[in-house]
């Protein structure tokens, strides 16, 4: 591979990693705080995409530039409304219960949302590319890229990473979340409302999933089953990084995105396998994930 | 006492006689309804074909029933979701046949589903029309009695597209493929590339890319193709995958750089709208196009298309016409069997006998169920995308319609072996060309 192809593959890997990171980090955050593996995360991604496309198509006749705020509004609506309802009505009833029960509940939500999606938006592919078309293409080594792909997506992912870091480490609410994560009983004893912390965390995680979907919507056709594809990949990234690891998720998403891009250039037969081969290799050596900490078991 | 005994003997004899005569007569009595079980995708990405197929089935059955049914018997439809997966599909199929006692089935869209259900239908002695699945191997590996394919398979579909390419772009030197990574993506490329090597051996394949089925992003594949600059890019992808690939490639200028061949792109034309540029070669999995040049003035064809649009919001795409063909084959088989049975309602075996070698008509050129292997012989339409006044999407122009018997694997032969016998002259066959609107 020459240097030109190296640069091209890196750019492709970067834009792919940006979207994967946004979804995976939400999944990882929810697990880190609530200790729940949220299978419905893929549905939140799909709903974010569909609502963003619907709003974009609505506002485009007024002004195409309104499609950018539409992406954000769609993410917030799905994150707050759908995320809030799932946490309050279902998950809040099963904290501390068997993990299998929690898993089954989020799986049931996933199935319900998948059918709901078909009822609302049907089965024909939907496409709303206005945000992408507004920005010019850039030429790199004679190959044309959309600015949306190589600038907007990575910038949003980096902002999300640093925003999340700042929120968790530099704000009172972030400190409260970390306190509940560290020791729920002690945090509750000093007056922290753990239920509220769980709700806020789940809404943030759901919003990130929906944001990933909303940002993906201008680049891809929205079809039934799109959430399934993303949840499987996100699990692979989150598990490889170690569940609950925010920076680790970013690095892993980048590594998987890059590896996938290079494989397409060098050995395309292995494209589908790459994320999972990396996951298996990492978990065989480090079952807690690349950045996960080994936990002591209390006897 | 003796007289009473004789009367009893007489009654017993009459009863026995009526019983003997009544048994078969009852089996051939007209049923209250003709139950048809249909497998189609109602969930997952392939629902883009399954839902229009279901809508078409409901329309056609209602129309047949309005006209008095088949042989005077109304149709009743049951649907199974292929998207539920293999085990559920098989269980539901068994339920339809054994519990709900359907009289015939249409299975399926996916070749994977056909591979599972065709042997089962055979075991259950169930008349089955493979209404949309395209794997050529299914009917080449075994001779079935109860299974028929009411349309073509992947071989003529790919050969038509290839010959069109060779006729219209004879000087291309390099080609790349971007197909979905599953059975159809692999098999269609095997057919296309095997035939290409025979008909134009100097062409170099510069990339074989098989992205994941349902992939949301083709950026890397597009970058690689832009760097490789192949003369031709083939894709037999469909549904949302094809839409995404075409749009992403268009946004980055790849569609302008290489000649794109969309092997089964007819089903995406309306959805892609203005995002589909001019000059792309597009196949239709049969001679299917809602402005079919030989049918566009046919009143029944036009009425069906308009009724379908009124019901679903879109003009029909190829799975809709495949569903039409399945019903036409079913009706043709029953009508032929009833006639052969002197006007009486036929047994299933008589209907199966009638289906063999049946000639019938859908909304394209006449079709035939080949007696040797039950394979449907269906013409193929290929064209090139072109802007046209009055349409918010591209139309097909420079359309060629290929006769089925010229490009279908001969009965008794295996596709790949047959393709290896083809010569460059094969592509020089005479094919009529039709312009849009003329």
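To make sure I understand, if each residue's beta carbon is the centre and we count other beta carbons within 10 Å, what order do B:365, B:224, B:95 fall in, fewest to most?
Lowest to highest Cβ neighbour count: B:95, B:365, B:224.
Averaged over B:45-55, how many beta carbons belonging to a partner chain fall within 10 Å of each residue's beta carbon?
Whole-number average of other-chain Cβ neighbours for B:45-55 is 3.
Looking at the square roots a ≥ b ≥ c of the eigenvalues of the Cα gyration tensor of chain B, which shape do they give, rounded for a/c under 1.5, prolate if a/b is larger than b/c, or oblate?
Prolate.
Working from Cα positions, state the angle (0 to 90°, nearest 10) between the long axis of helix A:41-59 and the longest principal axis of chain A.
50 degrees
Classify the range A:91-178 as rounded, prolate or oblate, taking a ≥ b ≥ c as the square roots of the eigenvalues of its Cα gyration tensor: rounded when a/c is under 1.5, otherwise prolate if a/b is larger than b/c and oblate if not.
oblate
How far is the Cα center of the range B:214-254 from the Cα center of the range B:115-170, in Å?
So the two Cα centres are separated by 28 Å.
For the range A:1-125, how big is the tail of P(r) above 21 Å, as a whole percent of Cα pairs?
Tail of the P(r) past 21 Å holds 52 percent of the pairs.
Along Cα→Cβ, 7 Å out, is where each label goes; now give me the distance between the ones at residue B:78 and residue B:435 in nm to one decimal.
5.3 nm
Starting with the fewest neighbours, write out B:363, B:164 ranked by other beta-carbon atoms found within 10 Å of each beta-carbon.
B:363, B:164
Counting pairs of alpha carbon atoms under 8 Å apart in space and at least six apart in sequence, what relative contact order in percent does chain A give?
For chain A, the relative contact order is 37 percent.
In whole percent, what relative contact order does the range A:56-160 give with Cα contacts below 8 Å and a gap of six or more residues?
About 23 percent, as a whole number.
Test of understanding: ordering A:164, B:162 by Cβ neighbours within 10 Å, fewest first, what list do you get?
A:164, B:162
So what is the relative contact order of chain B, in percent, for Cα pairs below 8 Å that sit 6 or more residues apart?
17 percent
By per-residue mean of other Cβ atoms within 10 Å, what is the highest-first order of A:191-203, B:127-139, A:4-16?
B:127-139, A:4-16, A:191-203
How many Cβ atoms of partner chains, on average, are near each residue of B:417-430 if near means within 10 Å of its Cβ?
0
Based on the alpha-carbon gyration tensor of the protein assembly as shown and its eigenvalue square roots a ≥ b ≥ c, which shape applies: rounded if a/c is under 1.5, prolate if not and a/b is larger than b/c, or oblate?
Because a/c hits 1.5 or more and a/b fails to exceed b/c, the protein assembly as shown counts as oblate.
Using a 10 Å cut-off on Cβ to Cβ distances, tally the other chain neighbours for every residue of A:112-125 and report the average as a whole number.
Taking all residues of A:112-125 together, the mean is 4.
Read-outs: derived from the displayed coordinates by stated rules, not from any lab. Keep in mind that this is a model prediction, so the values were computed, not measured. Cβ atoms come from the backbone with ideal geometry, glycine included; neighbour counts cover every protein chain shown.
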